[in-house]
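**Q** Quick one: structure below, then a few questions.
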Amino acid sequence: QVQLVESGGGLVQAGGSLRLSCAASGIIFSISPMGWYRRAPGKQRELVASITSTRRTNYADSVKGRFTISRDNAKNTVYLQMNSLKPEDTAVYYCNTRWGTGDYWGRGTQVTVSS
């Protein structure tokens, strides 16, 4: 059974930082692509950042230079370091992986950035 559990969200002032974590189980993590998505109120879910098994990364234009995705295969965990946070980064952040024929999601963690 695939499980993705996010943590690290919270309330932060604009300009601050947060680090999100996603612990994965039920997959061979080291060969699994991982991604972070977010859904802001009234908006569609969007890709924030992704990382392949070979550590190739991809970022949404809106977060380039501020967010960094990384993975620790020994801990089966993917991270999203978020710096210089803006109010428009406020959203529920979800961890995602594709394993076999499945597309799996965590329950999400709320990030709120106050101005």
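The values are calculated or read from the model by the stated rules, or taken from the named source; none is laboratory data. In this text, all values refer to a predicted model and were calculated from it rather than measured experimentally. Cβ placement follows ideal geometry from the backbone for every residue including glycine, while neighbour counts extend to all protein chains displayed. Surface accessibility is based on the protein's heavy atoms, side chains included, excluding ligands, DNA and RNA. Shrake-Rupley method; radii C 1.70, N 1.55, O 1.52, S 1.80 Å.
**Q** Grab the strands (runs of 3 or more DSSP E) fully contained in the range 59-115, keeping just those with 2 or more residues being closer than 16 Å to residue 3 by Cα and open to solvent by 60 Å² or more (accessible area, probe 1.4 Å).
**A** Qualifying strands (runs of 3 or more DSSP E): 91-99, 102-105.
**Q** With the structure loaded, tell me whether residue 2 is in contact with a strand residue (DSSP E or B) (Cβ under 9 Å, 6 or more places away or on another chain), of a type in the set (Val, Ile, Thr) and more than 25 Å from residue 100 (Cβ to Cβ) or whether it fails that test.
**A** Considered against the rule, which asks whether it is in contact with a strand residue (DSSP E or B) (Cβ under 9 Å, 6 or more places away or on another chain), of a type in the set (Val, Ile, Thr) and more than 25 Å from residue 100 (Cβ to Cβ), residue 2 comes out as no.
**Q** Could you say which residue among 24, 49 is more than 10 Å from the chain's Cα centre (by Cα) and either closer than 20 Å to residue 112 by Cα or touching a residue at least 24 places away in the same chain (Cβ under 8 Å) (or both)? Reasoning before the result, please.
**A** Details: 49 fails: more than 10 Å from the chain's Cα centre (by Cα).
One residue alone meets the criteria, 24.
**Q** Between a first residue in the range 34-45 that is over 12 Å from residue 69 (Cβ atoms) and a second residue that is open to solvent by 20 Å² or more (accessible area, probe 1.4 Å) and among the aliphatic types (A, V, I, L, M), which pairs have beta carbons less than 7 Å apart while being 6 or more apart in sequence or on different chains?
**A** Every condition considered, the pairs that remain are 38/92; 39/92.
**Q** Scan the range 47-56 for residues that are loosely packed, with under 13 Cβ neighbours inside 10 Å and either in a strand (DSSP E or B) or touching a helix residue (DSSP H, G or I) at 6+ places or on another chain (Cβ under 9 Å) (or both) and report the count.
**A** Summing the residues that are loosely packed, with under 13 Cβ neighbours inside 10 Å and either in a strand (DSSP E or B) or touching a helix residue (DSSP H, G or I) at 6+ places or on another chain (Cβ under 9 Å) (or both) in the range 47-56 gives 0.
**Q** Now, a different point. I'd like to check something: does the range 17-29 contain any residue that is at pLDDT 95 or above, under 19 Å from residue 65 (Cβ atoms), open to solvent by 50 Å² or more (accessible area, probe 1.4 Å) and assigned to a strand (DSSP E or B)?
**A** Yes.
**Q** Now, a different point. If residue 32 satisfies every condition in (1) at pLDDT 95 or above; (2) open to solvent by 20 Å² or more (accessible area, probe 1.4 Å) but one, which is the exception?
**A** The single condition residue 32 does not satisfy is (2).
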